[in-house]
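What follows is a set of notes on a single structure, which appears directly below.
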Amino acid sequence: MLSVLILNGPNLNLLGTRQPEIYGHTTLADVEAMCAAHGQAKGFEVTCAQSNHEGALVDAIHAAKGTHDGIVLNAGAYTHSSIALHDAIAGTELPVVELHLSNIHAREAFRHHSFIAPVAVGMICGFGAAGYTLALDALLGHLEDTS
Ligand code: DQA
């Protein structure tokens with residue numbers, strides 16, 4: 001059975017109460033339950049993790065190698081700053097789908113650049129919490145195409 005890691009970065013533990021006009025009212029627990037249900041319905045394993053710490057996210061990407069077949073990654077603000085996350089993805093060569101709840105290209109200029117994008121299979125952004133299941137389907141399709 002294919003196994004996917006949903007990895008959320010800084011401040012995403014505040015989902016539901018953090019700037020709901022941008023990120024919506026869905027909590028991280030809701031998102032994780034939605035992803036688990038999606039995995040069950042479609043027959044793949046889903047594991048969820050979140051950290052506010054860059055190094056812990058690097059560790060989680062390293063640990064995913066050999067444990068999971070791919071990652072859906074919302075790196076939060078580290079998207080726009082972290083060469084370490086870029087290198088971790090490049091180093092493990094795991095397929096990563098980059099995910100953002102908001103449309104980062106319709107927001108401040110500093111959100112337009114992603115260090116994740118060059119090492120991601122693709123990116124889904126702007127569809128709120130529904131983006132997580134879209135990203136899961138995109139990753140599953142990629143894994144099936146490449147296996
Ligand atoms: C985000 C977009 C980032 O720019 C921001 O720093 C976040 C959330 C999103 O999901 O829309 O923390 O990744």
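Bear in mind these aren't lab numbers, they're just calculated from the coordinates by the rules spelled out. Predicted model only: the values in this text are computed from it and were never measured. FYI the Cβ positions are ideal-geometry reconstructions off the backbone, even for glycines, and counts take in every protein chain you see.
Would you mind counting up the charge near L85? Only other residues with Cβ under 14 Å from its Cβ, with Lys and Arg at +1 and Asp and Glu at -1. Once all neighbours under 14 Å are counted, the net charge is -4. Springs between Cα atoms under 10 Å define the GNM used for the chain, and in it the highest mean-square fluctuation of A33, A56, A106 occurs at A106.
In the chain, the DSSP-assigned H stretches of four residues or longer account for a calculated mean residue ellipticity at 222 nm of -12000 deg cm²/dmol, using -39500 (n - 2.57) per stretch and the full residue count as denominator. Taking GluC sites (Glu not before Pro) across the range 76-128, the ones in a DSSP loop with at most 11 further Cβ atoms lying within 10 angstrom of their Cβ are E93, E108. The residues neighbouring A49, those whose beta-carbon lies less than 13 Å from its own, together hold a net charge of -2 under the Lys/Arg +1, Asp/Glu -1 convention. Listing I22, I61, I71 from fewest to most neighbouring C-beta atoms within 10 Å gives I22, I61, I71. Using C-alpha pairs under 8 Å with a sequence gap of at least 6, the mean separation divided by the residue count of the range 16-147 gives a relative contact order of 24 percent. Pairwise Cα separations in the chain fall into 10 Å bins from 0 onward with the following percentages, short to long: 12, 47, 35, 6, 0.
Amide H contacts for G122 (H built 1.01 Å from N in the peptide plane; partners 5 or more residues away or on another chain; cut-off under 5 Å): E98. Residue exposure proxy: F115, F110, ordered by other Cβ atoms within 10 angstrom of their Cβ from fewest to most, comes out as F110, F115. Annotation for T67 and A33: the two label points, set 7 Å from Cα along the Cα-Cβ direction, are 2.5 nm apart. For the pair the range 1-69 and the range 74-124, the centres of their Cα atoms are 15 angstrom apart. Taking the number of Cβ atoms within 10 Å of each Cβ as an exposure proxy, the fewest-first ranking of L14, L99, L5 is L14, L5, L99.
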